[in-house]
Amino acid sequence: MSKLISVSLSPNTQKDDVSLAFKLIFSTRKGGTKKLERLFRNYFGFRNAFAFNSGRSSLIAILKAMEIKKGDEVIMQSFTCNAAVNPIRYVGATPIFADIDENLNISLDDLKKKITPKTKAIMVQHTFGNPARIDEIKEICSEKKIYLIEDCAHSLGAMYKGEFCGFFGDASFFSFGRDKVISSVYGGMVTINNELLIDGVSSFQKELKNPSVFWTIQQLLHPVLLNKIILPLYNMKIGRMIMALFLNLNILSKAVTKKEGIGILPKYFPKKMPSSLSYLAINQLKKLEDYNNHRREVAQYYNHLFLKGEIDSNNIYLKYPLFVDNPSEIINKLRKHNIYINDGWSGSPIVPPSTELDKVCYKLGSCPKAEEISKKIILLPTHINISKKDAKKVFDCLENIRQNR
Ligand SMILES: Cc1ncc(COP(=O)(O)O)c(C=O)c1O
């Protein structure tokens with residue numbers, strides 16, 4: 001049976017993570033969240049760090065501290081996840097979408113056109129770990145007296161002009177979601193560079209409740225059930241059926257729920273980061289450098305195979321984007337080779353593609369480049385469980401599909 005290759009099925013999980021998650025189901029280890037915050041601060045040299053149970057909760061904390069509310073506008077890029085949009089709707093503000101550039105990051109030209117007297121913040125995403133032109137955007141924000149938020153959900157450890165992403169925004173947030181740079185299935189972190197926002201985020205965090213014990217155990221089960229039961233059987237129908245069953249029975253959580261596609265956040269956001277998930281995140285954070293070096297190596301290898309040049313060493317290549325004419329056909333054909341690259345980041349300017357665009361304030365036709373790119377993009381895996389041999393297999397299968405069209 002050939003090895004399963006996937007972009008988003010528990011991509012970062014290794015044996016030590018699985019056994020740690022299993023142990024944490026049966027223990028009540030306290031103090032994890034403070035430890036995680038301390039490690040995070042020290043690792044990057046951030047002045048402060050506030051953990052939450054997701055990037056979504058982290059972003060809500062930032063927006064609340066900035067007192068962003070009904071009537072305010074937040075500019076963000078299209079070609080993003082509804083998880084980045086809905087917190088803005090949650091505080092009552094309006095997301096305004098700017099188009100993207102060839103790096104899949106916000107277009108500066110379009111961004112400038114979208115600024116109005118109602119603009120309170122610009123949120124900048126470093127898409128798939130590729131840093132945006134954050135210093136130029138910071139200048140625009142200072143000039144116009146607009147807050148800058150860095151969405152570092154994809155870019156933990158990525159650098160821009162010698163500084164880690166996260167150092168540029170008035171406030172920045174990270175995600176430890178299941179298919180992010182490091183993973184505790186759910187989790188997030190805020191760091192603040194504008195001192196005036198520290199009290200707001202800190203008191204918001206203190207007032208939040210912990211998620212339920214059920215929710216926390218549901219997340220701890222994710223690496224265990226996926227790696228021990230589902231993934232070994234995934235290339236047979238039974239594995240995929242078990243996964244669907246666990247999701248339907250709520251034994252496993254979904255990364256993004258169906259209701260989020262119509263702009264409604266689940267009740268477990270915003271919440272505190274539970275201690276046990278923090279221990280999972282700590283175990284992963286210790287491996288961050290290895291993970292990102294590995295991602296760059298695999299990306300360099302893809303570049304070599306696709307006859308492209310040198311990679312950008314500031315980019316951490318969370319995933320490796322490739323443009324093709326027929327993404328869904330290719331995704332389907334790769335499945336027959338036990339290669340699963342459908343991670344939802346295709347087919348819509350706001351992903352997953354089941355998102356109802358009008359419900360998240362996106363007007364079709366408003367960001368033509370993002371719409372065009374979303375119809376062409378596929379994402380290849382670079383994570384720690386992908387070897388160069390696996391990358392070569394992905395490349396060979398893609399070549400084979402191309403030649404037989
Ligand atoms: C660009 C981007 N921003 C923010 C988020 C939200 O992070 P989280 O899933 O931890 O809530 C995600 C992922 O879902 C994302 O892809």
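The values are calculated or read from the model by the stated rules, or taken from the named source; none is laboratory data. For clarity, every value in this text was computed on a predicted model and none was experimentally measured. Ideal geometry is used to build each Cβ from the backbone, glycine not excepted, and the neighbour counts take in all protein chains shown. Just the protein is used for accessible areas: all its heavy atoms, side chains included, with ligands, DNA and RNA removed. Shrake-Rupley method; radii C 1.70, N 1.55, O 1.52, S 1.80 Å.
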Checklist entry - Do you know the relative contact order of the chain, to the nearest whole percent, from alpha carbon pairs under 8 angstrom that are 6+ apart? => result 25 percent
Checklist entry - How do Lys271, Lys15, Lys113, Lys69 stack up against each other in accessible area, from largest to smallest, with a 1.4 angstrom probe? => result Lys15, Lys113, Lys69, Lys271
Item to check | Which of Leu4, Leu39, Leu20, positive extreme of dipole for region 1-50 (C-beta unit charges) | outcome: Leu39
Next on the checklist: 7 Å from Cα along Cα→Cβ at both Ile262 and Asp109: what's the point-to-point distance in nm?
Outcome noted: 3.9 nm
Checklist entry - Here are some pairs, Lys70/Lys206; Lys113/Lys369; Lys112/Lys138; which of them have Cα atoms lying more than 19 Å apart in this structure? => result Lys70/Lys206
Next on the checklist: Keeping all protein chains in the complex and leaving out DNA, RNA and ligands, what accessible area do you get for Ser212 with a 1.4 Å probe, in Å² to the nearest 10?
Outcome noted: 60 Å²
Next on the checklist: For Cα pairs less than 8 Å apart in space and 6+ apart in sequence, what is the mean separation divided by the residue count of region 288-403, i.e. the relative contact order in percent?
Outcome noted: 38 percent
Checklist entry - Roughly how many percent of the accessible protein surface of region 255-366 is carbon and sulfur, given a 1.4 Å probe and a whole-percent answer? => result 53 percent
Checklist entry - Could you work out Rg/(2.2 N^0.38 Å) for region 68-172, with Rg from alpha carbons only? => result 0.97
Checklist outcome for this item: So for region 49-104, using the alpha carbon gyration tensor with a ≥ b ≥ c as root eigenvalues (a/c under 1.5 gives rounded; past that, a/b versus b/c decides prolate or oblate), I'd call it oblate
Next on the checklist: How much of the DSSP bridge set in the chain is antiparallel, in percent, rounded to the nearest 5?
Outcome noted: 45 percent
Item to check | Charge tally in the Cβ shell below 13 Å around Tyr160, where Lys, Arg are +1 and Asp, Glu are -1, Tyr160 excluded | outcome: -2
Checklist entry - Among His126, Gly162, Ser172, which residue has its Cα positioned farthest towards the positive end of the charge dipole of region 31-207, with +1 placed on the Cβ of Lys and Arg, -1 on the Cβ of Asp and Glu, and the dipole taken about the Cα centre? => result Ser172
Item to check | Percent accessible area from carbon and sulfur atoms, region 1-66, protein chains only, probe 1.4 Å | outcome: 56 percent
Checklist entry - Considering only Cα-Cα distances, which of the following residue pairs are longer than 26 Å: Lys64/Lys259; Lys308/Lys393; Lys287/Lys333; Lys34/Lys286? => result Lys287/Lys333
Checklist entry - Solvent-accessible area per residue for the chain at a 1.4 Å probe radius, Å²? => result 43 Å²
Checklist outcome for this item: The computed P(r) of region 31-207 puts the percent of Cα pairs beyond 23 Å at 32 percent
Checklist entry - Per-residue ellipticity at 222 nm for the chain, helices alone: DSSP H runs ≥ 4 residues times -39500 (n - 2.57), over residue total, nearest 500 deg cm²/dmol? => result -12000 deg cm²/dmol
Checklist entry - What do you get for Rg/Rh of the chain when both radii come from the Cα atoms and Rh is the Kirkwood radius? => result 0.94
Item to check | trypsin sites (Lys or Arg not before Pro) restricted to DSSP loop in region 199-265 with at most 10 other C-beta within 10 Å | outcome: Lys209
Item to check | Kirkwood-based shape ratio for region 172-279, expressed as Rg/Rh from alpha carbons | outcome: 1.04
Checklist entry - Sorting Asp17, Asp290 by accessible area (1.4 Å probe), largest first, what list results? => result Asp290, Asp17
Checklist entry - Pick from Phe214, Phe22, Phe40: which residue has the top mean-square fluctuation in a GNM of the chain where Cα pairs under 10 Å get a spring? => result Phe214
Next on the checklist: Rounded, prolate or oblate, given the Cα gyration tensor of region 288-403, with a/c below 1.5 counting as rounded?
Outcome noted: prolate
Checklist entry - With all protein chains present, how much of the accessible area of region 75-218 (probe radius 1.4 Å) comes from carbon and sulfur, to the nearest whole percent? => result 51 percent
